[in-house]
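Q: Here's a structure for you.
The values are calculated or read from the model by the stated rules, or taken from the named source; none is laboratory data. Note that the structure is predicted; figures quoted are calculated from it, not measured. With ideal geometry, Cβ positions are generated from the backbone for all residues, glycine too; neighbour counts draw on all protein chains shown.
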Amino acid sequence: MTLNIADLFEAVADAIPDRTPLIFEDQRLSYGELEMRANRLAHHLRSVGVGPGQHVGIHMRNCVEYVEALIACMKIRAVPINVNFRYTGAELVYVYTNSKMVALLVESEFAPLARAVVPQCPEIRHILTVGDEYESALAVQSDARHFGVRSNDDHFIIYTGGTTGMPKGVVWRHEDFFFAALSGANLSGPPRRTLEEVVEAAVANTNPTVLLLIPPLMHGAAILSLLTAFLMGAPRVLTHSFDPMEVLRLVEAEKITGITVVGDAIARPIADAMAASEGKYDLSTLKLIGSGGALFSPNLKEELKTRLPGLVVKDAFGASESGNDGVVEFSEDGTKRIRSNPNMILVDDEFRRIEPGSDEVGFIARAGHVPVAYFDDPEKSAATFPVVDGIRMAVLGDMGTIEKDGSIVLLGRGSMCINSGGEKIYPEEVEQALKTHPAVFDALVAGAPDTRFGEKVAAVVQVRPGFEDVELDALSEHCRIHVAGYKIPRSIVLVPAILRSPSGKADYRWAKETLAGV
């Protein structure tokens, strides 16, 4: 049984070569065209000495070439490495060397900085810049395949965002990646088990949903969405950078049925753009807005549903270390639950499974098809991907409890949990409380040093235009409506903008540094 992602993509491309899986600005690539261009790039990489198991950096914003690079690497059994395009020189040196990449594909915008730091990365022996150089390299290569036999054990690596520590390379086997990260290429039912089932379903998908993918492909959730769609015979529309008005224009122009975002950081500007341009764009085709990597605040969910009656707003739960883990449901009291995924379990500090119905707080984990390691980091790998009683699991940083029916109640990220005088406070619930105040555009909560309690709850807040004079005490008191008194922020710092990654994920290191002296 072959469940190598390159094999699966090629089989789907052969079956529906004339369908369009990729739309970017004025470019519309059919499966056949994408397949041929990826073949040419694969041959180029092989011609400069890139072989099976070697790592190739992709340092670009969203573009067609990024997608070609992903597929080309897998075709020759090389491993694509996602590079954060906002990194400074020192950060680039870290990820270039930590990943041990031997080649680098870079967008022209970032080429000067990349070429300046590459001399500090001795393993990189080839750089190709998108533009004329890239096109010339492809032009002299064959568009035929001839790549040999691949394996389900081939590797796929996703580097984490590094928002709570240095980025780490999550190493997946292709077979595990297919089932856990790509949902077995079936988002609405049981996973496909064979190449033939994947192809048959893609061929039958003659009226696919058209999704707009806003997060950058250097973010794991975006790669998962893209590759899942390709194997399902469904198109993805990419944006080079985020412009909320452009999002609305694309919804109308491409008759988009769904948008992928990363929580409020992307969805809030879209909601504001809807308000500012009411009636200008036809948004009637838009039926779904889904978030991965960050949860929506409840009030923003309701606002979106009010603006577009019938709209479904979904929070996906997942991670680079576990894949697509399910959908988060919100109860009226604000409780967050993951249901209907038997692979999701709860474990204690010694990785022992916590039985359903217990009140014990534990670590949320996934069993079965999970990554094998962090690249070149055995110590962290043992802590995150342990094998217990012969079962490999991914133990995430999120904390929760497990109910009698097996559903998991989400509490928050353990690494960011605030311990204030022995009371455990999870930042996410306080952030959501702050965001219900009409003055608050965005907020991050973290622990700040406190002489009496060890830590206190503190927040950085970005207010809406016109609310610059908001009373900070009023923001704290507003939180009492939603959370217990010991959870309300004791210190608040107003900032011009909340620092987030291009995908919208929070930078908690920056938040803690900002709050350290308050």
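Q: If you go through region 451-475 one residue at a time, how many are crowded, with 16+ Cβ neighbours inside 10 Å and either touching a Ser or Thr at 6+ places or on another chain (Cβ under 9 Å) or of a type in the set (Lys, Arg) (or both)?
A: Qualifying residue count, region 451-475: 7.
Q: Checking the structure you have, find out if any residue of region 339-356 is outside the structural domain of LYS100 (by TED's automatic domain parsing), among the hydrophobic types (A, V, I, L, M, F, W, C), surrounded by 14 or more Cβ atoms within 10 Å (Cβ to Cβ) and in a loop (DSSP other than H, G, I, E, B).
A: The answer is yes; a qualifying residue exists.
Q: Looking only at residues that are under 23 Å from LYS100 (Cα atoms) and within 20 Å of the chain's Cα centre (by Cα) in region 363-380, which one is surrounded by the most Cβ atoms within 10 Å (Cβ to Cβ)?
A: Start the filter on region 363-380 by keeping residues that are under 23 Å from LYS100 (Cα atoms), which leaves 370-380.
This time we only want the ones that are within 20 Å of the chain's Cα centre (by Cα), so: 370-375.
Numbers: VAL370: 26, PRO371: 30, VAL372: 17, ALA373: 19, TYR374: 22, PHE375: 21.
Only one residue fits best here, namely PRO371.
Q: Something else now. What number of residues within region 17-38 satisfy the criterion of being surrounded by fewer than 19 Cβ atoms within 10 Å (Cβ to Cβ) and assigned to a loop (DSSP other than H, G, I, E, B)?
A: Matching residues across region 17-38 total 6.
Q: Check whether at least one residue in region 63-73 is farther than 23 Å from LEU195 by Cβ and surrounded by fewer than 16 Cβ atoms within 10 Å (Cβ to Cβ), and report yes or no. Don't jump to the end; show me each part of the working.
A: Taking region 63-73 and keeping what is farther than 23 Å from LEU195 by Cβ, we get 63-66, 69.
Next, only the ones that are surrounded by fewer than 16 Cβ atoms within 10 Å (Cβ to Cβ) stay: none.
Within region 63-73 (the criterion being farther than 23 Å from LEU195 by Cβ and surrounded by fewer than 16 Cβ atoms within 10 Å (Cβ to Cβ)), the answer is no, since none of the residues qualifies.
Q: Quick check on region 408-420. Is at least one of its residues assigned to a loop (DSSP other than H, G, I, E, B), free of Cβ contacts under 8 Å to residues at least 40 places away in the same chain, closer than 29 Å to GLY454 by Cβ and not basic (Lys, Arg)?
A: Yes.
Q: Working only within region 479-500, note down all residues that are crowded, with 19+ Cβ neighbours inside 10 Å and either in a helix (DSSP H, G or I) or touching a Lys or Arg at 6+ places or on another chain (Cβ under 7 Å) (or both).
A: CYS479, LYS487, ILE488
Q: Test LEU41 against the criterion of being assigned by TED's automatic domain parsing to the domain that holds ARG150, in a strand (DSSP E or B) and either free of Cβ contacts under 8 Å to residues at least 24 places away in the same chain or surrounded by 22 or more Cβ atoms within 10 Å (Cβ to Cβ) (or both), and give yes or no.
A: no
Q: OK, next. Please verify whether region 20-33 includes one or more residues that are under 18 Å from VAL79 (Cβ atoms) and in contact with a Ser or Thr (Cβ under 7 Å, 6 or more places away or on another chain).
A: No - not one qualifying residue is present in region 20-33.
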